[in-house]
Amino acid sequence: MAASLDLVGTARLLTDTGLVRADGGVVVSRELTGLDQVADLTTLKGIARLLLVRRPPDWLRTAVVDGRLAPEFIPSPDLEAMSWIGPELEPIVVSAHHHLYATVDDTLLKRLGDAGELAVMSALQCKGLQPRHVALISDRFGYDIELDTVAQRQGLEIKTAVRSTAARILISRHEFEVARRMGERWKIVQVTFSTKVIARGVATASDIEAIRELSSARLVELAPMESSVFRWVDTAEFRPHASMWSPSDLVIATNFTSSLDDS
């Protein structure tokens, strides 16, 4: 009730977000005009989405992962303040996120993936090895980094994640076929970064929370055989059990840094 009577504060919010302007009188934006007919819960939820878009909180960028709400990234006071929205909180936040960041996030995810590959390159070079970053050449290899050892040539497929996405990996059909063909010479190396890198726009060695590996045998074990009810198309999502992963002995150089922004 106290908030609803704060007319000055409400007026400032509306003008600051551009939803209302004083121009020889009060001029209301078209977006808000469509929400001023009935003061019901549906209208209030529409206004909530509009305010999220016009004045996005700092957490909005990271609170949606793979098209789903990740409430663990929303500060408790804010989450409690939005509890009145109920089960529609997820579609409202996801919609606002998509409106603001859909195109940008595709680029951001690509740069985060690049950061993971560069981190592994850094670690291998620290071990005195001479890895080749073949992902910069072509996708045809079926892995991102190539490494020659005394006995054989190895292929490392690098998967980059943050904590909320680490349980799943996306594998293309070509990557899967190469994994099956190369056997023990192919493996996945997953690099998990702190979500802080997304807000900061820079990934460093200190932002890496975990590095682990999944063998080709484990990956092949997870995939069903092609049949009348299952077939590969382009990409499949795998969710290996935690016990299938092995810790990695890779150590990232302390001076490692990778920019995620346009610069």
Filter region 232-258 down to residues that are charged (D, E, K, R) and outside any strand (DSSP E or B) and give me whichever is farthest from the chain's Cα centre (by Cα).
-> ASP249
Checked region 34-63 for anything under 18 Å from the mean Cα position of the chain (by Cα) and modelled with pLDDT under 85; matches are ARG61, THR62
Looking at region 210-231, is at least one residue without any contact (Cβ under 8 Å) to a residue 60 or more places away in the chain, in a helix (DSSP H, G or I), over 25 Å from THR62 (Cα atoms) and under 23 Å from the mean Cα position of the chain (by Cα)?
-> yes
If ALA167 passes every condition in (1) outside any loop (DSSP other than H, G, I, E, B); (2) touching a residue at least 12 places away in the same chain (Cβ under 8 Å) but one, which one does it miss?
-> (1)
Just wondering, is there one or more residues in region 82-92 that are outside any helix (DSSP H, G or I), within 24 Å of the chain's Cα centre (by Cα) and either of a type in the set (Lys, Arg) or more than 23 Å from SER259 (Cα to Cα) (or both)?
-> yes
Select the helices (runs of 4 or more DSSP H) contained entirely in region 1-78, then report the ones holding at least 2 residues which are touching a Ser or Thr at 6+ places or on another chain (Cβ under 7 Å) and crowded, with 16+ Cβ neighbours inside 10 Å.
-> 41-54
Can PRO77 be described as over 19 Å from the mean Cα position of the chain (by Cα) and over 30 Å from HIS241 (Cα atoms)?
-> yes
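The values are calculated or read from the model by the stated rules, or taken from the named source; none is laboratory data. Values in this document were obtained by computation on a predicted structure and should not be read as measured data. Heads up, the Cβs are rebuilt from the backbone with ideal geometry, glycines too, and the neighbour counts pull from every protein chain shown.
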